[in-house]
Amino acid sequence: MHTENVKIVEVNEENWYACCELNVSQEQQGFVEPNAVSIAQSKFEPSLQPYAIYVGDTVAGFLMFNTVKEELDAYWIYRIMVDAKHQGKGIAKAATQLALAEMNRTLQAEKVIVGYRPGNLAAHKLYASLGFVDQGNRFGKEMAVVKTMTSS
């Protein structure tokens, strides 16, 4: 897998349904909302920005972040998922790096947070590898890890 083939594209009339058809692996089912729910949420909360994750011409995942600051005076990545048949190839890491770059470019984000359930070891490993740090923040059942961004 060449992760340079990974790109993120705003969810639109051409890719929204493909996003809705994606599924995480069986053991990850309880960790992330279905993409259809996230896309619907973005229509009622216009500050949420949903993206399809492409590998070449194939929709392989989904991510969404908020374009306004929230808790802890930070921008939040709400969702990131890669379809079960595309997992383990570095796609989530590449897509998250692209999302962080987009947040830095368009929002001048200084601090980005992502929340996930403590039992989601794949998410823990991914976010730690990208420089997110657990500062002890908890929101309900989720832990929130923080990345301090550097200006480009």
Protein-only accessible surface order, largest first, of Val146, Val68 at 1.4 Å:
Val68, Val146
Whole-Hz ³J(HN,Hα) for each residue in the stretch 87-97, computed from phi via Karplus 6.51 cos²θ - 1.76 cosθ + 1.60 with θ = phi - 60°, x for glycine and proline: what do you get?
6, x, 10, x, 5, 4, 5, 4, 5, 5, 4
Where Cα atoms sit under 26 Å apart: lysine pairs in the chain separated by 8 or more or lying on different chains:
29
Where GluC sites (Glu not before Pro) fall in DSSP loop in the stretch 1-83, at most 15 other Cβ within 10 Å
Glu13, Glu14, Glu21
Can you give the extra length, in nm with one decimal, that the chain gains between Leu121 and Val9 once fully stretched, where that is 0.36 nm per residue apart less the Cα-Cα distance?
37.6 nm
Along the Cα→Cβ direction, 7 angstrom out, place labels at Trp16 and Lys43. What is the inter-label distance in nm?
0.5
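The values are calculated or read from the model by the stated rules, or taken from the named source; none is laboratory data. Here the structure is a predicted model, which means the values were calculated and not measured. In this analysis, Cβ positions are derived from the backbone assuming ideal geometry, glycine residues included, and neighbour counts consider all displayed protein chains. Side chains are part of the model used for accessible areas, which takes the heavy atoms of the whole protein and leaves out ligands, DNA and RNA. Shrake-Rupley method; radii C 1.70, N 1.55, O 1.52, S 1.80 Å.
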